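The structure appears below as structure tokens.
The values are calculated or read from the model by the stated rules, or taken from the named source; none is laboratory data. All figures in this text were calculated on a predicted structure; none of them were measured in a lab. Cβ atoms come from the backbone with ideal geometry, glycine included; neighbour counts cover every protein chain shown. All accessible areas refer to the heavy atoms of the entire protein, side chains included, with ligands and DNA or RNA removed. Shrake-Rupley method; radii C 1.70, N 1.55, O 1.52, S 1.80 Å.
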Amino acid sequence: MNWTPRLATWNDVPTLEELIPLSVRTLQAPHYSAAQMAAAMGPVFGVDRQLISDGTYFVVENAGVIIGCGGWSRRKSLFGADTARDEEDAMLDPVTDPARIRAFFIHPDWARRGIGKAILTACESAIIASDFPQAELVATLAGEPLYLACGYSEVERYEVPMSGGLTLPVVRMTKRLAP
């Protein structure tokens, strides 16, 4: 299908708050334990309202129902819900900093149908239009194949510390978008 992302609105937040845990519990399950996924809800996985406010968060719908979301940011945070931050998220400088690819979640019934790629393409176009020549992201192990297929390169693997002594293995990746 030809998916057409649109910018998320404040009215989408309740739906996103339902979609994200559903996506995480299903699509991340082959890679992370139930305890890891539960601990990551909020600090790693969740709605970042700053992205909606900045006009950099997209959703894809089918028959009026949101089935995927994701975005980009000109702010410092690489991941996490806005509830996980105590202070304002600082702005990046396109001359010295890469833009951030952020918070991609797909409804499990619609996974692997090109929705993530359509959102990523919209993000990359907006990033280039905002004069950022490079993008950076922190991929979950479930998301890593999408980003590799779309030209992102692994920079490092590390583990995000979470509550209860748990960690979440992730992959920091980057891609040059413009000369």
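The heavy atoms of Phe45 present about 10 square angstrom of accessible area, all protein chains included, probe 1.4 Å.
Go through (1) 15.9; (2) 11.4; (3) 9.9 and flag the label whose value is the computed mean projected area of the Cα convex hull in nm² for this structure. Structure-derived value, by its label: (3).
Determine which residues of region 80-97 fall in the zone a paramagnetic label at Ser153 would reach in this model, i.e. backbone nitrogen under 20 Å from the point 7 Å along Cα→Cβ. Once the point is set 7 Å along Cα→Cβ of Ser153, 95-97 turn out to lie under 20 Å by backbone N, inside region 80-97. Taking all Cα pairs closer than 8 Å and separated by 6 or more residues, the relative contact order of the chain comes to 22 percent. The packing ranking, built from the mean of other Cβ atoms within 10 Å per residue, places the peptides 168-176, 107-115 in the order 168-176, 107-115, highest first.
Using the heavy atoms of the protein chains and a 1.4 angstrom probe, tell me the accessible area per residue for the chain in square angstrom. Intermediate values should be presented prior to the final figure.
On the way: 8630 Å² over 179 residues.
With the other protein chains kept in place, the chain gives 48 Å² per residue.
How much mean residue ellipticity at 222 nm does the chain get from its helices, if each DSSP H run of length 4 or more adds -39500 (n - 2.57) and you divide by all residues, to the nearest 500 deg cm²/dmol? Only helices count here, giving -8000 deg cm²/dmol.
Where does region 26-71 land on the Kirkwood hydrodynamic radius, alpha-carbon pairs, in angstrom?
After inverting the mean inverse Cα-Cα distance, the result is 12.4 Å.
The apolar share of the surface of the chain, taken as the fraction of accessible area on carbon and sulfur atoms (1.4 Å probe, ligands and nucleic acids excluded), comes to 53 percent.
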